[in-house]
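Participant: Can you read through this structure? Questions will come right after.
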């Protein structure tokens with residue numbers, strides 16, 4: 001039980017090169033000086049991610065309490081200036097995505113895949129046992145250690161089914177990286193549970209086999225519709241003939257649209273496909289030998305991306321970049337707006353006469369407009385109800401703000417706000433309702449405070465934040481630059497108040 | 001421990017009894033051989049896991065209400081909860097997590113439509129002292145903290161903690177250097193100060209002086225963070241500010257709010273926070289500052305401060321924007337600007 005104590009405070013660590021990057025966080029290799037040990041430190045900017053304080057806290061708490069060889073844990077976390085530092089074991093091999101990009105653009109061979117996936121599955125079994133849904137299973141979150149250890153990482157968006165003592169049968173929050181996202185997560189009809197991770201696991205299997213996820217070249221809105229309407233993707237292309245039947249079966253069993261028909265992680269571990277899995281040593285020998293340093297690899301990747309951007313007129317490069325941005329933003333906060341989905345998807349659909357190479361074999365379900373309409377009806381009707389299940393602290397909810405001494409004026413403001421919301425409804429980008437499920441947390445801070453009036457800003461801050469990022473992502477796909485939020489207001493440091 | 005023969009499934013009552021026996025054993029820390037001890041602790045871990053799966057169900061089955069009720073009744077019939085809390089540090093991490101979830105769930109289990117956990121805690125209220133002081137132990141904080149948050153769902157238990165000496169310690173706990181622990185303490189602190197309205201209102205009116213003095217001194221610390229140590233604490237004023245807004249805007253606390261916004265010291269602190277370099281703090285500070293401006297019965301000294309700083313404040317608000325458009329914020333801001341612009345100096 002004797003545990004190594006990792007020191008708290010930035011002064012105990014020396015930061016080295018960056019080894020990973022996300023939307024609001026970066027990961028550095030670092031030296032823990034007193035222990036003389038190399039670690040990884042994830043640095044998260046609170047100011048940029050202010051809306052997600054609850055998520056950040058949850059992630060830090062989940063990770064520090066993890067104890068399983070196949071799940072990345074954190075040693076400790078602390079605040080430095082306006083950043084959160086999360087100290088973790090350093091995984092010298094980087095993520096499977098990095099390795100795919102650096103050396104295996106067309107995917108790994110089957111034995112490697114079986115080995116990696118078996119370890120990932122053990123990690124998932126552990127998380128599911130504890131009621132955690134990972135919600136972001138993908139090659140980019142499978143990390144390889146120097147000796148071939150395989151760990152599932154990044155709990156940025158994980159959720160707990162056992163939150164606050166109640167078994168919450170399902171979650172309804174809308175998160176996930178589109179390509180990896182299970183249909184029921186998109187639909188939000190009945191909520192989802194651990195089985196959503198099994199779908200993502202199946203998509204990850206395809207990703208490891210091909211070097212990229214199915215639909216990865218499409219914009220997110222398109223992916224959404226394709227996942228819902230098309231037959232599930234699988235290992236049924238011409239070039240998949242090299243793979244065994246058991247691999248195809250295993251993948252197909254995960255990629256069933258009805259979540260109740262997918263196997264649990266525990267059950268899936270017994271699948272014959274995993275019999276061929278080898279040791280960590282094998283992974284170290286097979287994948288890591290000869291690979292350049294993680295930091296160098298990352299640099300090379302960045303250069304490559306920049307080159308691609310330089311020739312952005314090439315549509316493929318553009319798409320690649322776009323989906324890469326997608327990847328980086330992770331599941332963090334996808335918030336699909338129905339109008340947006342419709343608008344975007346209708347623009348893209350016309351291109352589909354030329355099937356993408358990913359599409360061979362998988363049927364382009366000629367679902368027609370009826371189905372689509374029905375689906376959208378379902379989605380829109382659930383947006384309104386889906387905020388309800390998470391509410392448990394009804395007793396906290398309050399009537400709208402009314403200051404004892406400023407009744408009329410403040411109520412006025414509230415009305416104004418509601419009114420302006422109505423106006424917004426015509427603009428296909430923001431309605432309040434579909435924002436709430438995404439942000440809803442068991443604590444229900446949002447709803448509660450929006451009713452209390454005080455934190456209405458908070459909600460809207462998130463609302464617009466989400467949209468802003470979406471817009472930014474779109475911009476990013478053409479210009480490639482990641483735009484930081486504009487200066488927020490001019491500081492008045494020099495100006496003192498007279499009190 | 002493993003039996004060759006599949007024994008018939010144990011009843012929930014059996015499971016609780018065996019758990020209690022093993023906890024008694026663990027608590028005694030008897031002189032038995034190390035290997036035997038390890039076996040027993042392993043067995044205890046398994047039992048806790050089984051209890052958890054009865055209460056929460058598992059991937060195959062939903063929880064059965066009768067089984068949950070039997071388990072709960074047996075659990076609180078004797079002092080199992082006390083033993084479990086005391087022995088928690090002796091368990092391994094996985095068993096601690098399972099135990100925490102079991103305790104959390106038990107707070108909500110009704111037996112003949114009574115929350116018997118609450119009855120038990122009222123008679124064993126000193127257990128709260130153990131749970132609260134858990135924040136002082138890096139290893140136990142998250143487990144005890146999670147249990148504590150569930151226990152204060154019961155109003156009587158929350159009242160005990162609010163009125164105890166522990167309340168003062170929370171101001172330190174929420175600035176502990178371990179982020180995960182500080183965040184947990186902040187969540188508990190918030191729960192204590194927002195969940196049971198009448199109890200909170202009563203607490204705040206009785207403890208107004210020390211409570212807000214403490215609050216202000218913690219907020220003040222942030223306004224001159226020159227040293228690095230203080231910069232490290234940046235998160236704390238933010239969570240304190242958010243909570244302050246929540247507390248003051250709660251209708252049941254209106255008397256406290258009126259008192260708060262009549263204080264010149266409070267106004268000074270909030271105005272200084274408006275000048276912070278952190279935009280998150282600006283926003284939260286604004287949400288409290290607006291209450292001073294909106295007060296229709298401002299005391300003269302409040303009016304004179306606002307008048308003296310009128311042009312600076314108006315200039316500040318003119319540039320005061322959120323990153324993205326926000327109708328509510330803009331409306332609030334417009335109202336604050338109107339209020340301040342219309343102020344007449346009082347003599």
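The values are calculated or read from the model by the stated rules, or taken from the named source; none is laboratory data. Computed from a predicted structure; not experimentally measured. No Cβ is skipped: glycine too gets one built from the backbone with ideal geometry, and neighbour counts run over all protein chains shown.
Participant: Give the residues of the range A:175-207 that are more than 17 Å from residue A:141 (Cα to Cα) and either at pLDDT 95 or above or not assigned by the TED database to the domain that holds residue A:240 (or both), sorted by residue number.
Facilitator: Residues satisfying the conditions do not exist here.
Participant: Collect the residues in the range B:272-281 that are in a helix (DSSP H, G or I) and either at the interface with chain A (Cβ under 7 Å from one of its Cβ atoms) or buried (at least 22 other Cβ atoms within 10 Å of the Cβ) (or both), keeping them in residue-number order.
Facilitator: B:273, B:279, B:280, B:281
Participant: So how many residues does the range B:87-102 have that are more than 8 Å from every other protein chain (Cβ to nearest Cβ), buried (at least 17 other Cβ atoms within 10 Å of the Cβ) and not in a loop (DSSP other than H, G, I, E, B)?
Facilitator: Qualifying residue count, the range B:87-102: 8.
Participant: Residue A:287 - would you say it is part of a helix (DSSP H, G or I) and either over 30 Å from residue A:40 (Cβ atoms) or modelled with pLDDT under 90 (or both)?
Facilitator: yes
Participant: Next up: When the residues of the range B:154-199 are filtered to those that are assigned to a loop (DSSP other than H, G, I, E, B) and surrounded by fewer than 21 Cβ atoms within 10 Å (Cβ to Cβ), which remaining residue is nearest to the other protein chains (Cβ to nearest Cβ)?
Facilitator: Only one residue fits best here, namely B:177.
Participant: Continuing with the same structure: Checking residue B:42 against (1) within 14 Å of another protein chain (Cβ to nearest Cβ); (2) at pLDDT below 95; (3) surrounded by 22 or more Cβ atoms within 10 Å (Cβ to Cβ): exactly one of these is not met. Which one?
Facilitator: Looking at each condition in turn, residue B:42 falls short on (3).
Participant: Is there any pair linking a residue in the range A:52-71 that is at positive phi to one that is modelled with pLDDT of 80 or more and outside any helix (DSSP H, G or I), with Cβ under 8 Å and at least six apart or on different chains, and which?
Facilitator: Cβ pairs passing all conditions: none.
Participant: Same structure again: Of the residues A:284, A:300, which is in contact (Cβ under 8 Å) with a residue 12 or more places away in the chain and outside the structural domain of residue A:202 (by the TED database)?
Facilitator: Details: A:284 fails: outside the structural domain of residue A:202 (by the TED database).
When all the criteria are applied, what remains is A:300.
Participant: So which of B:268, B:259 ends up being within 9 Å of chain A (Cβ to nearest Cβ) and free of Cβ contacts under 8 Å to residues at least 60 places away in the same chain?
Facilitator: B:268
Participant: Right, another one. Looking at residue A:127, is it assigned to a strand (DSSP E or B), surrounded by 24 or more Cβ atoms within 10 Å (Cβ to Cβ) and modelled with pLDDT of 90 or more?
Facilitator: So residue A:127 does not fit the description; no.
Participant: Now for a different question. Can you name the helices (runs of 4 or more DSSP H) wholly within the range A:187-283 that have at least 2 residues being farther than 24 Å from residue A:101 by Cα and within 21 Å of the chain's Cα centre (by Cα)? Steps first, answer last, please.
Facilitator: Working: elements: A:195-210, A:220-229, A:245-254, A:265-268, A:280-283.
Hits in the range A:187-283: A:195-210, A:220-229.
Participant: Limited to the range A:71-95, what total is found for residues that are at the interface with chain B (Cβ under 7 Å from one of its Cβ atoms), in a loop (DSSP other than H, G, I, E, B) and under 21 Å from the mean Cα position of the chain (by Cα)?
Facilitator: 0
Participant: Moving on to the next point. If a residue has to be in contact with a strand residue (DSSP E or B) (Cβ under 8 Å, 6 or more places away or on another chain) and at pLDDT 95 or above to count, how many in the range A:17-37 make the cut? Explain how you work it out, then say what you get.
Facilitator: So the first thing to find is which residues in the range A:17-37 are in contact with a strand residue (DSSP E or B) (Cβ under 8 Å, 6 or more places away or on another chain), and the list is A:17-21, A:24-33, A:37.
Next, from what is left, pick out any that are at pLDDT 95 or above: A:30-33, A:37.
Residues meeting the conditions: 5.
Participant: Spot the failing condition for residue B:132; the list is (1) more than 17 Å from residue B:151 (Cα to Cα); (2) crowded, with 18+ Cβ neighbours inside 10 Å; (3) free of Cβ contacts under 8 Å to residues at least 60 places away in the same chain, and only one is missed.
Facilitator: (1)
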